[in-house]
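Enquirer: Okay, handing you the structure first.
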Amino acid sequence: MKSAKLALLALLATALTAGGLPAQSYGDLTPGPSASPVPATAPSPVAPTPGVGGLPADPAPEELPVPAEAPPLTAPDAAETEPAEPTPAATEPEEQDAEHTEAEEDPGFDPVVGGGFPVPGPNTPMVTDPDGTVRSAVETDISAMHDHDHGQAQSFSSQSGGASTLGAAARSGTIQVTLVFATLTDNRGGVDQAAAKNSIVKANEYWRAASNGRLGMSIVETKTLKSTANSRQDYGAMMNTIRKDLRWYEEANEALVVFVPAPELRSGGYGGILGGGWTSGPTSGSVLMPKPSGFTNNVVTHELGHVLGLLHANSLKCNNGRSDIWINSSGKWADGACTSREYGDTSDLMGYAQYNLPMINSYFWDSGAFGRGDEILDAGTPTQAKTYSLRPWAGSASNRAVKFRDISGETYYLELRMPVGYDTATATGGNRGVKIVKADLANSWAVNSLIVSPNTRDFAGYVNTNSTWQAGQTFTTHAGTTVKINSVSSSSASITVTPKTASLYFNSTPVAGTTLGTSDDQFLSCDWDGDGIATPAMFRNGVWTLRKTLTGSASFPTFAFGATGDQPICGDWDGDGRETVGVYRKGKVFLKNSNSNGPADGQIYFGASGDTAVVGDWDGDGCDTLGVARSERGSNRFYLTNSNIRPNVHGTFLLGNAGDIPVSGDWNRDGFATVGVMRRNVWYLSNSNLKVKADQTLAFGNPGDSPMTGQWSRNSGTGLGVAR
């Protein structure tokens with residue numbers, strides 16, 4: 001225990017609450033191209049510039065909806081001293097063999113721990129929400145932050161209860177535990193000190209196993225305390241009182257574990273609480289426990305997980321049964337039927353785990369840098385179907401779990417839960433199989449995980465008996481990536497991860513469609529072979545795939561040109577009747593006169609970083625040239641050039657709103673390319689680059705589609721297309 005140092009009070013402002021566990025380069029086109037005539041600041045307009053280019057403003061769309069052997073760690077008991085005043089006999093007196101401390105009043109000491117995470121027990125009542133959800137009456141107390149103002153701005157998260165420790169270094173070292181046996185004003189009884197100490201031993205064994213022996217807990221000091229707390233207090237208030245009595249401050253690699261003689265703790269007016277915990281960093285925090293019981297070893301191990309910066313293993317609950325969901329701009333699940341059920345992953349130590357000690361999931365493992373570092377295979381972002389093997393997660397094999405980054409940006413973790421090691425008691429029945437986990441983004445203020453089960457509808461009671469995926473089942477992410485469970489055995493599982501294939505649609509007669517690449521590739525179309533018909537192409541990280549026909553799968557040989565992050569473009573740069581590739585890179589244009597590997601045939605500067613390139617034959621001379629669109633005061637300003645050699649600005653005008661996607665084509669077959677914009681799924685097309693307005697307005701595609709344009713049949717005007 002640390003003596004009071006008021007100068008350290010500022011450290012408490014960054015304290016994190018944790019919680020308890022409920023009951024369960026290129027050559028030039030011509031030598032010496034001139035520098036860009038389009039500076040970052042737009043040049044003066046040379047054409048009429050109506051406020052929004054003749055287009056109505058469109059309101060923003062609504063959100064759619066077994067353990068490693070551990071050395072002995074208990075410190076010798078401190079010499080017993082007599083209390084300052086007589087203590088009433090306990091109902092069940094226990095041997096008090098630790099140093100005894102009297103609580104001292106210190107009105108200048110504020111040991112705030114704030115709201116914590118209670119651990120409901122089997123006797124904690126369940127309640128039914130209006131939507132039919134049956135849950136524990138006691139959940140994480142993130143709103144009970146102690147009023148605490150010492151003239152400094154507070155650094156608590158928006159949840160008023162903690163902050164993420166995702167950026168923390170790998171957990172390692174021995175956490176020094178101060179074990180305190182505190183009596184209460186209305187209960188001066190004792191506790192089973194041997195059982196309390198044994199819970200730290202068991203927690204040490206667990207976390208050493210999870211960290212490849214790098215991390216553990218050791219009791220370095222044992223004390224008794226005649227506290228001023230009472231059993232009627234909620235667990236958070238009780239811990240605040242005891243910390244004040246102790247004058248305790250957290251420091252790195254230190255933990256305070258307090259046992260009180262009450263048979264249970266309270267939260268929000270309910271009893272049955274098995275423990276509570278707080279974290280103030282990746283390796284420091286506090287734990288409050290009632291007198292030891294059959295739950296103690298598991299709960300203390302869970303609570304020390306909070307001390308390590310891990311919060312709770314939650315589950316996705318969707319009343320409509322949807323399999324996955326994304327986060328909207330408000331940081332909530334985009335479907336109102338979906339919520340995160342706290343502690344809902346009952347096959348994880350950080351979920352409902354009162355009766356057992358299952359292994360923490362691979363997301364927690366990865367975020368806390370536990371283990372050796374080779375247990376989880378990083379599959380990256382899938383670009384084609386690929387099959388992987390999983391091994392029992394609570395085992396010791398390398399690459400026994402797999403993670404992949406979905407095109408949505410979320411990372412999914414795949415692990416095999418089998419009755420091995422710490423999973424022996426829990427990986428049974430419907431909890432024996434492939435487990436799918438990701439970060440709980442709706443609770444990203446701290447390190448919370450989210451299990452996605454085969455059935456996301458709510459389960460009754462504290463235990464989910466069907467949390468894993470079985471052979472023959474397929475999980476689909478909200479972005480369309482699929483995970484097929486091919487087989488599951490006691491020693492391994494086979495899974496295949498397949499990215500969503502992009503679908504392309506063209507407004508030909510009849511409407512045509514095909515598939516190509518994945519939905520995070522970039523798509524465009526041009527007449528690659530000079531036959532008068534545009535066909536699609538895919539650009540992925542500098543590699544091009546060109547299709548030979550509009551809807552067929554035959555392709556020209558792939559080739560590399562450009563780099564990741566470039567915008568792919570295409571056009572007939574030299575007037576030979578065949579369209580070839582190019583890339584636009586932050587105001588620099590690289591063009592090729594053939595669809596093949598090799599350096600650029602020319603490069604020019606036009607526009608600025610952040611501009612979007614458009615291509616067209618603006619003057620009808622048979623050669624395609626560049627244009628760019630740039631956001632300007634809520635609108636789109638276009639700049640067009642008629643030369644790929646000395647690209648002066650030959651026209652500039654406004655069309656559309658900022659956020660619209662610029663497009664180009666010969667919409668009316670007059671031999672001149674003009675521009676347009678796509679807003680959600682509505683296209684606004686102008687037939688002139690002089691008197692610019694929306695001459696045509698039509699709908700094609702869905703909101704969120706990417707536009708494509710091209711001549712889908714010979715002797716036709718430019719048609720519309722989308723990639724989805």
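The values are calculated or read from the model by the stated rules, or taken from the named source; none is laboratory data. Keep in mind the model is a prediction, meaning the values are calculated, not measured. Here Cβ is always computed from backbone atoms with ideal geometry, including for glycine, and neighbour counts include all displayed protein chains.
Every residue, every condition in (1) basic (Lys, Arg); (2) at pLDDT 95 or above; (3) within 26 Å of ALA209 (Cα to Cα); (4) in contact with a strand residue (DSSP E or B) (Cβ under 7 Å, 6 or more places away or on another chain), yes or no:
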residue: SER330; (1), (2), (3), (4): no, no, no, no
residue: LEU349; (1), (2), (3), (4): no, yes, yes, no
residue: ASN361; (1), (2), (3), (4): no, yes, yes, yes
residue: GLY368; (1), (2), (3), (4): no, no, yes, no
residue: ARG372; (1), (2), (3), (4): yes, no, yes, no
residue: GLY380; (1), (2), (3), (4): no, yes, no, yes
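Enquirer: Quick check on this structure: which one of ALA471, ALA446, ALA479 is buried (at least 23 other Cβ atoms within 10 Å of the Cβ) and assigned to a loop (DSSP other than H, G, I, E, B)?
Expert: Of the residues listed, the single one that is buried (at least 23 other Cβ atoms within 10 Å of the Cβ) and assigned to a loop (DSSP other than H, G, I, E, B) is ALA446.
Enquirer: Sticking with this one: Given (1) more than 30 Å from GLY321 (Cβ to Cβ); (2) in a loop (DSSP other than H, G, I, E, B); (3) not assigned by TED's automatic domain parsing to the domain that holds LEU349, identify the lone condition not met by SER491.
Expert: Every listed condition holds for SER491 apart from (3).
Enquirer: Select from region 688-707 the residues that are surrounded by 19 or more Cβ atoms within 10 Å (Cβ to Cβ) and out of contact with any Ser or Thr (no Cβ under 6 Å at 6 or more places or on another chain) and write down the one among them that is nearest to SER508 (Cα to Cα).
Expert: Top of the filtered list is GLY701.
Enquirer: Could you count how many residues in region 253-283 are assigned to a strand (DSSP E or B) and of a type outside the set (A, V, I, L, M)?
Expert: 14
Enquirer: Next question. Could you check, for region 307-327, whether at least one of its residues is among the basic types (Lys, Arg), in a strand (DSSP E or B), modelled with pLDDT of 95 or more and crowded, with 17+ Cβ neighbours inside 10 Å?
Expert: Within region 307-327, the subset among the basic types (Lys, Arg) is 317, 322.
Among the residues that remain, those that are also in a strand (DSSP E or B) are: 317.
Filter once more, keeping what is modelled with pLDDT of 95 or more: 317.
Next cut, crowded, with 17+ Cβ neighbours inside 10 Å only: 317.
Looking for residues that are among the basic types (Lys, Arg), in a strand (DSSP E or B), modelled with pLDDT of 95 or more and crowded, with 17+ Cβ neighbours inside 10 Å, one finds at least one in region 307-327, hence yes.
Enquirer: Continuing with this model, one more query. Taking region 444-466 only, how many residues are in contact with a strand residue (DSSP E or B) (Cβ under 6 Å, 6 or more places away or on another chain) and not β-branched (Val, Ile, Thr)? Walk me through it before giving the result.
Expert: Within region 444-466, the subset in contact with a strand residue (DSSP E or B) (Cβ under 6 Å, 6 or more places away or on another chain) is 448-452, 454, 456, 458, 460.
When the remaining residues are screened for being not β-branched (Val, Ile, Thr), the result is 448-450, 454, 458, 460.
So the answer is 6.
Enquirer: Another question, then. Determine which member of the set GLY277, GLY281 is in contact with an Asp or Glu (Cβ under 7 Å, 6 or more places away or on another chain) and under 21 Å from ASN361 (Cα atoms).
Expert: Within the list GLY277, GLY281, the selection yields GLY277.
Enquirer: Which residue is farthest from GLY717 (Cα to Cα), if the candidates are limited to region 505-517 and must be at pLDDT below 90 and either among the hydroxyl-bearing types (Ser, Thr, Tyr) or outside the structural domain of SER713 (by TED's automatic domain parsing) (or both)?
Expert: So the residue we want is THR509.
Enquirer: Next question. Criterion first (among the hydrophobic types (A, V, I, L, M, F, W, C) and surrounded by fewer than 17 Cβ atoms within 10 Å (Cβ to Cβ)) does LEU655 satisfy it?
Expert: It is false that LEU655 is among the hydrophobic types (A, V, I, L, M, F, W, C) and surrounded by fewer than 17 Cβ atoms within 10 Å (Cβ to Cβ).
Enquirer: Determine whether region 453-476 contains at least one residue that is within 30 Å of GLY281 (Cα to Cα) and not basic (Lys, Arg).
Expert: Yes; the residues of region 453-476 include at least one that is within 30 Å of GLY281 (Cα to Cα) and not basic (Lys, Arg).
Enquirer: I'd like the full set of residues that are more than 9 Å from ARG405 (Cα to Cα) and surrounded by 16 or more Cβ atoms within 10 Å (Cβ to Cβ), limited to region 373-391.
Expert: GLU375, ILE376, LEU377, TYR388, SER389, LEU390, ARG391
Enquirer: Another one. Out of (1) under 17 Å from MET350 (Cα atoms); (2) among the acidic types (Asp, Glu); (3) touching a Lys or Arg at 6+ places or on another chain (Cβ under 8 Å), what's the single condition that is false for ASP458?
Expert: (1)
Enquirer: Looking at VAL581, VAL589, which is the one that is out of contact with any Pro (no Cβ under 6 Å at 6 or more places or on another chain), more than 17 Å from ASN642 (Cα to Cα), in the same structural domain as PRO662 (by TED's automatic domain parsing) and β-branched (Val, Ile, Thr)?
Expert: Of VAL581, VAL589, the one residue that is out of contact with any Pro (no Cβ under 6 Å at 6 or more places or on another chain), more than 17 Å from ASN642 (Cα to Cα), in the same structural domain as PRO662 (by TED's automatic domain parsing) and β-branched (Val, Ile, Thr) is VAL581.
Enquirer: Does region 654-669 contain at least one residue that is closer than 18 Å to SER525 by Cα, assigned to a loop (DSSP other than H, G, I, E, B) and of a type outside the set (Lys, Arg)?
Expert: yes
Enquirer: Out of all the residues in region 223-238, which are surrounded by 22 or more Cβ atoms within 10 Å (Cβ to Cβ) and in a strand (DSSP E or B)?
Expert: Hits for region 223-238 are THR224, LEU225.
Enquirer: While we're on this one: Report whether or not GLU303 is assigned to a helix (DSSP H, G or I) and touching a strand residue (DSSP E or B) at 6+ places or on another chain (Cβ under 6 Å). Give the derivation first.
Expert: Numbers: assigned to a helix (DSSP H, G or I): yes; touching a strand residue (DSSP E or B) at 6+ places or on another chain (Cβ under 6 Å): yes.
In short, yes.
Enquirer: When residues of region 244-264 are filtered for being modelled with pLDDT of 95 or more and under 20 Å from GLY305 (Cα atoms), how many remain?
Expert: 6
Enquirer: When TYR639 is evaluated against the numbered criteria (1) at pLDDT 95 or above; (2) assigned to a loop (DSSP other than H, G, I, E, B); (3) not small (Gly, Ala, Ser), which criterion, by number, is the only one it fails?
Expert: (2)
Enquirer: What number of residues within region 421-443 satisfy the criterion of being of a type in the set (S, T, N, Q) and in a loop (DSSP other than H, G, I, E, B)?
Expert: Total meeting the criteria: 3.
Enquirer: Restricted to region 394-410, and to residues that are in a strand (DSSP E or B) and in contact with a Phe, Trp or Tyr (Cβ under 7 Å, 6 or more places away or on another chain), which residue is farthest from GLY380 (Cα to Cα)?
Expert: So, considering only residues that are in a strand (DSSP E or B) and in contact with a Phe, Trp or Tyr (Cβ under 7 Å, 6 or more places away or on another chain), the one farthest from GLY380 (Cα to Cα) is ALA401.
Enquirer: Tell me yes or no: at least one residue of region 513-521 is under 24 Å from PRO599 (Cβ atoms) and out of contact with any His (no Cβ under 8 Å at 6 or more places or on another chain). Steps first, answer last, please.
Expert: Taking region 513-521 as the starting set, the residues that turn out to be under 24 Å from PRO599 (Cβ atoms) are 521.
Those left that are additionally out of contact with any His (no Cβ under 8 Å at 6 or more places or on another chain): 521.
Scanning region 513-521, I find at least one residue that is under 24 Å from PRO599 (Cβ atoms) and out of contact with any His (no Cβ under 8 Å at 6 or more places or on another chain), so the answer is yes.
Enquirer: If we keep just the residues of region 619-636 that are in contact with a Phe, Trp or Tyr (Cβ under 7 Å, 6 or more places away or on another chain) and crowded, with 22+ Cβ neighbours inside 10 Å, which is nearest to ARG669 (Cα to Cα)?
Expert: Result: ASP624.
Enquirer: Six or more apart or on different chains, Cβ under 7 Å: which pairs go from a residue in region 442-471 that's at negative phi to one that's basic (Lys, Arg) and part of a loop (DSSP other than H, G, I, E, B)? Could you list them?
Expert: ALA442/LYS332; THR456/ARG322; THR468/ARG432
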